[in-house]
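To keep things clear, I will list the structure first and then write my remarks on it.
The values are calculated or read from the model by the stated rules, or taken from the named source; none is laboratory data. Just so it is clear, the model here is predicted, and its values are computed rather than measured. In this analysis, Cβ positions are derived from the backbone assuming ideal geometry, glycine residues included, and neighbour counts consider all displayed protein chains. Surface accessibility is based on the protein's heavy atoms, side chains included, excluding ligands, DNA and RNA. Shrake-Rupley method; radii C 1.70, N 1.55, O 1.52, S 1.80 Å.
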Amino acid sequence: VDLNLSEDQSALRDTLRDFFAKESPPDVVRDAEPLGFDAALWGKVADLGLCSIAVPEAQGGGSAGLQELAIAAEELGRCLAPVPLIEAAVANNLLASLSDAATDDASAVAASAVVASAVAGERLATLALRPAVGSVARLVPAGAVADVVVAVRGDELVLVQQRDRRPARPADAVANLGSAPVADCVVDGADVLVLANGPRARSAYERAVREWQVLTAAALVGLGTKALEMGVDYTMQRHAFGVLIATFQTIQHRLADNATALDGARLLAFKAAWAADEELPTAGTLATMAFLFAAETAFKTASESLHFHGGYGYTLEYDIQLYFRRAKAWPLLLGDPRAEYSRLAHRLFDSQET
Amino acid sequence: MTMDFSLADELAEHREAARAWVDANLDPEWIEEQHRTGTHETPELRALMARDGILGAGWPREYGGSDVDPRFAEAVRDAIAAAGILMHGWVTTAMVLHTIEHVGTEEQKREYISAALRGELLVALGYSEPDSGSDVAAAKTTAVRDGNEWVINGQKMFTSTAQVCSLVFLLARTNPDVPKHKGLTMFLVPTDSPGYEIQPIHTLGGQRTNATFYTDVRVPDAARIGDIDEGWGVMNVALVFERGVSEGGSMVNGVAADIAAWARDTTGPDGATRFDDPLVAERIGRIAVEEEVGRLLRQRGMWLAEQGGLPGVEGSMAKLFASEASQRHYSDILDILGAEGVMQREAVGAPLAGKLENEFRESVVSTIYGGSSEILREIVAERRLGLPRNRPRANR
């Protein structure tokens, strides 16, 4: 066991913490609402090469792993940065893996072309988290701003070019709790290209969704950590009955429980990233575990920190509401978490020999 | 160097040998005996572990350490736990040995650690008293200096496994004229001392614990662990080991796997397995996630301790999370078992031979001993979050 980040990873974390703190303060987050996308910030993120750091160097990426992306996602989450880094990184990894596998057919060439332009910051790719129903992939994260959507349609993994998404218009997005650039995407017509089908399509897609779970877990850990700090800061300023409300045991103990759960959520998110990088057989279930626990922990933390703000927490003026809404909305795009717990149990224990 | 979570995998290569050791050495009668007597320690087993160097694994040679791979030793402890044998006496002993390693004199390290690793010595904890538990520094038991000896008078509560221990690690007041935390000293008191008495106390979880009484018990100054009036700091070293980094307890299989196996093998009136019920599977999934989080928090504490740190906050978090979670889990598990969940190990046909009903009762104490959840939350609140102290300041 070694729970230290490497020197490079620590440096990456420090750099990105400064970057997002400077580039994505609360007023940037608010100005990007309701669409939840800041094109200028996206340009800067693309310039850093963040959405392709895990793409192989041969394809123009940084050949880093999911751990490095998780570090980036955590820092993004702290500042609620209005850029679809997680979706773009996952889609780029997926496209890179497909173009790597078979370089001679048309789909591989197309994937290569998209990866090349995505790495160059020219195109933004995203992933539909749920299979298309009929010809529509519903509520696709970053679907309102992506040039390219990767989706599952029947037993095919398809790539859709969206020609009219940029410059993004708020009207493209579905109004939503998390002020995220979510949209329904049409998976039909001349702009659809089949990347893979059958088992290969399914395994590539499942891997991408697992990566999304790990990175979303890391982002939620960052979100929750900041929400906890906001709760601590407020209770250390607010007086009631002549004392700081931070002295009240019921408040202290709830904050302490949330700090504890967040430490656990961070460990689990990074263990899941490590397992994915090491290609361990447990990587899939760890991704889901990390996702579910981070989602629950971030929401509970943001919700209680909001509560400790009293009536001010209910106003739009205080930033804690920005965290509260996203803590619920980000993970929910994958579906009912209780159903996911149930599926997780089957994946863990359906054929356990012990 | 990068992050590496591969603890469980490091042990994997030792599991088979560990199971073989347990199969060759463990007498199933000991399990029954532990249940019958409530004494959660088996001296015969400890003697065998000492014989094969398992107790001494990882300890320095000069204090009686062995060449046995500490990972094999940990795998053996896991296999013993998996077989249903508890080693509570060794768990408390190991905490005290680690404390002596940190604060003891060279002579004490050579004497106590090596004797314990030979299996000849077992230590119970004497912190709580009838009028003080969480507020442990309020202890009233006194130790008064008399020449080169100390004379101890008072009473301790919950001196668990003392009935088979040769020593009690005792918190005593040596100075009544200073704030309560500053007048305490730790001693190792032999249980064959004149003036020492023991009375059994029976618990909800089936474990026998004890009240122990000290009337003019004399110990030499050499039995003092740490400096005079510095017992609070010494005990806090021991508490770090108790909360986050103690030996014993399974790191591998949790109850999620147990209840999942039951649910897979049990069919309802409609012919479907209990595991096919999403309500059952959902709860099992949640238990598995929280068990993993508890394991990771504990792993972090142990890792920090291996680096030479004393992970007070991290150990508190590990114990807080794991103990609170395990109570929720056992409650959920009894619900999943349904009416049969109430059946005890004596009942014919009890699910999993009544193991889970038993553990449900045992788990009750986990949020109480070794720092109640409330104390642990205050440690996290003050030391991690920087929140103001809300307990009354130390008084006399």
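The accessible surface of the stretch B:271-396, taken with every protein chain in place and a 1.4 Å probe, is 53 percent carbon and sulfur.
The trypsin sites (Lys or Arg not before Pro) of the stretch A:225-317 that DSSP puts in a loop, and whose beta carbon has at most 16 other beta carbons within 10 Å, are A:ARG238.
From the alpha carbon centroid of the stretch A:323-350 to that of the stretch A:204-252 is 19 Å. In the stretch A:1-119, Rg over Rh equals 1.02, where Rg is the alpha-carbon radius of gyration and Rh the Kirkwood radius from pairwise Cα distances. Amide H to amide H, with H built 1.01 Å from N, B:VAL168 comes under 5 Å of B:ALA124, B:VAL189, B:THR191, counting only residues 5 or more places away or on other chains.
Of the residues in the stretch A:333-349, those shielded by at least 40 Å² of accessible area once partner protein chains are present, compared with the chain alone at a 1.4 Å probe, are A:ARG338, A:TYR341, A:SER342, A:ALA345, A:HIS346, A:PHE349.
Mean sequence separation of contacting Cα pairs (under 8 Å, at least six apart), scaled by the length of chain B, corresponds to a relative contact order of 13 percent. Helix A:106-119 and the longest principal axis of the C-alpha atoms of chain A enclose an angle of approximately 40°. The simple spin-label model puts a point 7 Å past each Cα toward its Cβ; for A:ASN197 and A:ARG343 those points are separated by 2.3 nm.
Taking B:ALA381, B:ALA347, B:ALA115 in turn, the Gaussian network model of chain B (Cα-Cα springs below 10 Å) assigns the largest fluctuation to B:ALA347.
Summarising the amide proton neighbourhood of B:SER66: residues at separation of 5 or more, or on other chains, whose placed amide H is nearer than 5 Å comprise B:GLY56, B:ALA57, B:GLY58, B:TRP59.
Remark on the stretch A:219-248: accessible area falls by at least 20 square angstrom from chain-alone to full-complex state for A:VAL232, A:MET236, A:THR247, probe 1.4 angstrom. Only alpha carbons enter this Debye calculation for chain B, each as an equal point scatterer, and the log10 of I(q)/I(0) it gives at q = 0.10, 0.12, 0.13 Å⁻¹ is -0.70, -1.01, -1.18. Taking both sides together, what accessible area is buried at the A/B interface, probe 1.4 Å, expressed in Å² and rounded to the nearest 100? Separately minus together, A and B give about 4500 Å² buried. Under the convention that each Lys and Arg Cβ holds +1 and each Asp and Glu Cβ holds -1, the size of the dipole of the stretch B:124-231 around its Cα centre is about 220 debye.
For chain A, the Cβ-based charge dipole about the Cα centre amounts to some 960 debye (Lys, Arg positive; Asp, Glu negative; other atoms uncharged). Across peptide B:271-282, the mean count of Cβ atoms from other chains lying within 10 Å of each residue's own Cβ comes to 3. Compared with the dominant principal axis of the Cα atoms in chain B, helix B:312-337 is inclined by about 40°. Between B:ILE368 and B:THR215, residue separation times 0.36 nm minus the direct Cα-Cα distance comes to 52.3 nm. Rounded to whole numbers, the Karplus 3J(HN,Hα) couplings from phi for the stretch A:250-260 are 5, 6, 4, 5, 5, 4, 5, 4, 5, 4, 5 Hz, using 6.51 cos²θ - 1.76 cosθ + 1.60 with θ = phi - 60°, and x at Gly and Pro. Working from the Cα coordinates of the stretch B:242-353, the gyration tensor eigenvalues give, after taking √(5λ), semi-axes of 33, 14, 11 Å in decreasing order. Normalised per residue, the accessible area of chain B is 42 Å², obtained with a 1.4 Å probe and no contribution from ligands, DNA or RNA.
Counting only alpha carbon atoms, the long axis of helix A:66-79 and the longest principal axis of chain A meet at about 50°. Among B:GLN307, B:GLN199, B:GLN108, the largest mean-square fluctuation in a Gaussian network model of chain B, built with springs joining Cα atoms closer than 10 Å, belongs to B:GLN307. Each residue of the stretch B:384-392 is assigned a 3J(HN,Hα), and the resulting list reads 8, 9, x, 7, x, 5, 10, 6, x Hz, derived from the Karplus form 6.51 cos²θ - 1.76 cosθ + 1.60 (θ = phi - 60°), x at Gly and Pro.
Residues in the stretch A:197-352 average 39 Å² of solvent-accessible surface per residue, probe 1.4 Å, ligands and nucleic acids excluded.
Set the Förster distance to 30 Å, then compute FRET efficiency between A:VAL243 and B:ALA138 from the Cβ-Cβ distance, nearest 0.05.
The pair A:VAL243/B:ALA138 has a calculated efficiency of 0.75.
Among the listed pairs A:LYS271/B:LYS319; A:LYS22/A:LYS300; B:LYS319/B:LYS355; A:LYS44/A:LYS226; B:LYS156/B:LYS180, those whose Cα-Cα separation exceeds 25 Å are A:LYS22/A:LYS300. Name the residue farthest towards the positive end of the dipole of chain B from the options B:HIS40, B:THR161, B:PRO130, assuming +1 on Cβ of Lys and Arg, -1 on Cβ of Asp and Glu, about the Cα centre. Farthest along the dipole direction, towards plus: B:PRO130. Magnitude of the charge dipole for the stretch B:121-185, about its Cα centre and with charges confined to Cβ atoms of Lys, Arg (+1) and Asp, Glu (-1), is about 80 debye. Sequentially through the stretch B:372-377, phi angles give Karplus couplings (6.51, -1.76, 1.60; θ = phi - 60°) of 5, 4, 5, 5, 5, 4 Hz, Gly and Pro residues having no value and appearing as x. Compared with its chain on its own, the stretch B:372-391 contains the following residues whose accessible area drops by 30 Å² or more in the full protein assembly (probe 1.4 Å; ligands, DNA and RNA excluded): B:ARG377, B:GLU378, B:LEU385, B:LEU387, B:PRO388, B:ASN390. Dividing the helix sum by the residues of chain A, where each DSSP H run of 4 or more adds -39500 (n - 2.57), gives a mean residue ellipticity at 222 nm of -19000 deg cm²/dmol. In terms of its alpha-carbon gyration tensor, the protein assembly as shown comes out prolate; a/c meets the 1.5 threshold, and the first ratio a/b outweighs b/c. Per atom type, the stretch B:113-186 shows carbon and sulfur on 51% of its accessible surface, probed at 1.4 Å. As a size descriptor, the averaged projected area of the C-alpha convex hull of chain A was calculated at 18.9 nm². Among the GluC sites (Glu not before Pro) in the stretch A:23-111, none sits in a DSSP loop with a Cβ that has at most 16 other Cβ atoms within 10 Å.
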